[in-house]
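Structure, as structure tokens:
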Amino acid sequence: MRSIVNCHDFKGFMARFVLVLVILSPSTLYAYSINIDPIQEVLGGFSIPTLPVKYQFIDGENVLDKWTEREKAILREAFKEWDPYVCNTTTFFEDQSYTLSLRWAGSDLFKAGTDYANALGVWSGRAGDFTMPTWWDTTKFPLGEIYFNSQYFDSSFSTKTWYIDSDPATGEVFEGYDLLTVAKHEIGHALGIAGDWGQRPNPPAGKTKDEVMWGVIDSGQRIHPQPSDIAELKKLGLYHPVPEPGAILLMGIGIAGAVFMRRRAKRF
């Protein structure tokens, strides 16, 4: 009887030992915790948002400043692409009690003679992010919002226009500036990434035009988050790596083995 008990004690020990090895395996990934004041701690020029982020579509007064359902679908897809990489099970919610709003704006914001004259979009930042231009009217264009240049719908403004994808989950050849890519770029700013490497005289080493946060886009170009974009989230402590399927399977086997051995031990 003594040897039988010792045998099962040994099996139970080995099952628990395997479980610990699986949990500590390098292939098992975890989300990083967030312990940062979103207003006081400013990293890379932008403060980190309070998660989860609630967003809302806001219509302007003019026809060109109103959202269509097709455009909303594109923005939802943009949030969906960022979501797996950010802490929290779901990072973005569409809700009327929003902390982030999305608007179209025209020449009253994207004024001639300013840095935003030909911009496709702009993130207005949060309190403490940076000093706004003197001409910026915060009563009309509050902070904490993403604005898109509705003038690109007007053929008299530019020979290039927005590309509004009928199915943003698919890829195809197109002409015009991709709303999906621009939205992902501005959402990256809202998450706290400074970015805009392509707008600098000397971009940081390793940054390329294939990145969402590059800051310059060509007509007909669609970009998805790249490892270098995700690296910026890591710097902010917002990175949420997706566990590898093999790690999940190994963990499941380890847990199942531990439970099974524990149940068998109880029989004696």
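No value in this document is a laboratory result; all are computed from the given coordinates. Small disclaimer: the values here were computed from a predicted structure and weren't measured. In this analysis, Cβ positions are derived from the backbone assuming ideal geometry, glycine residues included, and neighbour counts consider all displayed protein chains.
What the phi angles of region 144-158 give under the Karplus curve with 6.51, -1.76 and 1.60, with θ = phi - 60°, is a coupling list of x, 10, 10, 10, 10, 7, 6, 5, 6, 7, 9, 4, 6, 7, 7 Hz, glycine and proline written as x.
Once backbone amide H atoms are built at 1.01 Å from N, ASP178 has TYR163, GLY220, GLN221 as its partners under 5 Å, excluding neighbours fewer than 5 places away on the same chain. When each of MET132, MET213 is scored by the number of other beta-carbon atoms lying within 10 Å, the sequence from fewest to most is MET132, MET213. Could you please state, rounded to a whole Å, how far the C-alpha centre of region 56-102 is from the C-alpha centre of region 178-228? Here the answer is 19 Å between Cα centres.
Here, P(r) means the percent of Cα pairs in each 5 Å bin from 0 to the largest distance; for region 42-236 it is 1, 7, 16, 21, 23, 18, 10, 3, 0. This ranking places HIS240, HIS224, HIS189 by how few other beta-carbon atoms lie within 10 Å of each, fewest first, which gives HIS224, HIS240, HIS189. Evaluated over the Cα positions of region 124-214, the convex hull gives a direction-averaged projected area, one quarter of its surface, of 8.3 nm². Note on LYS207, LYS80: ascending count of other Cβ atoms within 10 Å places them as LYS80, LYS207, the fewest first. Each residue of region 170-179 is assigned a 3J(HN,Hα), and the resulting list reads 10, x, 7, 6, 8, 10, x, 8, 6, 4 Hz, derived from the Karplus form 6.51 cos²θ - 1.76 cosθ + 1.60 (θ = phi - 60°), x at Gly and Pro. Once backbone amide H atoms are built at 1.01 Å from N, LYS54 has PHE93, THR99, LEU100 as its partners under 5 Å, excluding neighbours fewer than 5 places away on the same chain. Check cross-link reach from LYS160 to the lysines: straight Cα distance under 19 Å, and skip same-chain residues fewer than eight apart. Answer for LYS160, where 19 Å is the Cα cut-off: LYS111, listed by chain and number.
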